[in-house]
Amino acid sequence: MDAIQVSPGSYFVPFLSWLNINFHGLFAEVAIFFDALIRAIVHVFTFFSGQTTILIIAFLIMFLSGWRSALVWSIGMLICLSLGMWEATVPTLAIILLSVIFSVIVGVPMGVLISKNKFLRIAIQPILDMMQTLPPWVYLVPAVILYGLGVVPALISTVIYGVPPLIRLTILAMTQIPENRIELGSAIGATERTIFWKIKLPSAMPTLLIGINQCVLFSLGMVVLAGLVGAGGLGSEVTRGLSRMEFGLGMRASLAIVILAVVLDRVFRNAIPKKYLIKS
């Protein structure tokens, strides 16, 4: 049986080493770019005091998602502040925001394109299943090899981990659009672009919002795990509590993670005004 054992790592690791040797400059530039983005967001969040920042963001959320979401944000973040976890929450928020933005930029167009081809839809399903089944830390290993320790491998691996559910739900959203709506658009002489933006996208938006919501929660899970590679944030606080056997620190960080998950779920769930949605 030893003769038929297969080790994927024996093929994958040399390839990563080859990439690191031959494209080290490119990976370094990418790391600098993403690190600058994360630092800029963290700087914006920490420019004012925690209470002032929470209040300002609450007004923005109230405009985008309604007063209920703003209230949930305010209460949740004030609890994190009272737990002494605000400084750790900020970098976690920064990584999640960027990872969701990049996941949407990558995942939604891919899902739209794949939904147009039945063969591609069938072929991509096993790949998406495998990517969602793999343990999250598997994505950290190649990212650390290519980008080293810190927030950049955490961001890259979080984007990769968050894209599959978004692609899957985008495909589902686009394939479940009622045909009579598309036929109506064609009948009145609308172009393909107009049909997409005025009919398909609003019709698919409720399911797309579920995909973005899933992406947010997947990203939060990965960011917490990324504390093991020096990404900072709440994940590092949990890791520090475990390594030092400080139950209080681990409990406070874990509670802050739960609160952050609830807050992000509520905010992103109501991010799109109802007037832009076409419900089935």
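Take the residues in region 161-215 that are farther than 18 Å from residue 106 by Cα and aliphatic (A, V, I, L, M); name whichever of them is modelled with the lowest pLDDT.
Looking at residues that are farther than 18 Å from residue 106 by Cα and aliphatic (A, V, I, L, M), I get 190.
Just the residues that are surrounded by 11 or more Cβ atoms within 10 Å (Cβ to Cβ) and free of Cβ contacts under 8 Å to residues at least 60 places away in the same chain, please, taken from region 171-180.
Scanning region 171-180 gives 172, 177.
Which condition number does residue 231 fail, the rest of (1) among the aliphatic types (A, V, I, L, M); (2) in contact with a Ser or Thr (Cβ under 6 Å, 6 or more places away or on another chain); (3) within 21 Å of residue 101 (Cβ to Cβ) being met?
Of everything listed in (1) among the aliphatic types (A, V, I, L, M); (2) in contact with a Ser or Thr (Cβ under 6 Å, 6 or more places away or on another chain); (3) within 21 Å of residue 101 (Cβ to Cβ), residue 231 misses just condition (2).
Would you check if there is a residue in region 97-105 being buried (at least 22 other Cβ atoms within 10 Å of the Cβ), of a type in the set (Val, Ile, Thr), in contact with a Phe, Trp or Tyr (Cβ under 9 Å, 6 or more places away or on another chain) and under 22 Å from residue 235 (Cβ atoms)?
Yes - at least one qualifying residue is present in region 97-105.
Only residues that are open to solvent by 30 Å² or more (accessible area, probe 1.4 Å), aliphatic (A, V, I, L, M) and free of Cβ contacts under 8 Å to residues at least 60 places away in the same chain: list them for region 258-268, please.
258, the sole residue that qualifies.
Does at least one position in region 197-207 carry a residue that is touching a Gly at 6+ places or on another chain (Cβ under 8 Å), open to solvent by 40 Å² or more (accessible area, probe 1.4 Å) and either part of a helix (DSSP H, G or I) or within 28 Å of residue 136 (Cβ to Cβ) (or both)?
Yes: one or more hits.
Do we have residue 253 as open to solvent by less than 30 Å² (accessible area, probe 1.4 Å), within 19 Å of residue 42 (Cα to Cα) and touching a Lys or Arg at 6+ places or on another chain (Cβ under 9 Å) here?
yes
Residues in region 76-87: is at least one in contact with a Phe, Trp or Tyr (Cβ under 9 Å, 6 or more places away or on another chain) and open to solvent by less than 10 Å² (accessible area, probe 1.4 Å)?
Yes, there is a match, as at least one residue in region 76-87 is in contact with a Phe, Trp or Tyr (Cβ under 9 Å, 6 or more places away or on another chain) and open to solvent by less than 10 Å² (accessible area, probe 1.4 Å).
Looking at region 70-84, I want the residues that are on the phi > 0 side of the Ramachandran plot and have a partner that is assigned to a helix (DSSP H, G or I) and open to solvent by 30 Å² or more (accessible area, probe 1.4 Å) with Cβ atoms under 8 Å, at least 6 apart or on another chain. Which pairs are those?
Between residues of region 70-84 that are on the phi > 0 side of the Ramachandran plot and residues that are assigned to a helix (DSSP H, G or I) and open to solvent by 30 Å² or more (accessible area, probe 1.4 Å), the close pairs are 84/252.
Yes or no: residue 33 open to solvent by 100 Å² or more (accessible area, probe 1.4 Å), more than 25 Å from residue 155 (Cβ to Cβ), among the hydrophobic types (A, V, I, L, M, F, W, C) and at pLDDT 85 or above?
The answer is no for residue 33.
The values are calculated or read from the model by the stated rules, or taken from the named source; none is laboratory data. Please read all numbers here as calculations on a predicted model, not as lab measurements. With ideal geometry, Cβ positions are generated from the backbone for all residues, glycine too; neighbour counts draw on all protein chains shown. Heavy atoms of the whole protein, side chains included, go into the accessibility calculation; ligands, DNA and RNA do not. Shrake-Rupley method; radii C 1.70, N 1.55, O 1.52, S 1.80 Å.
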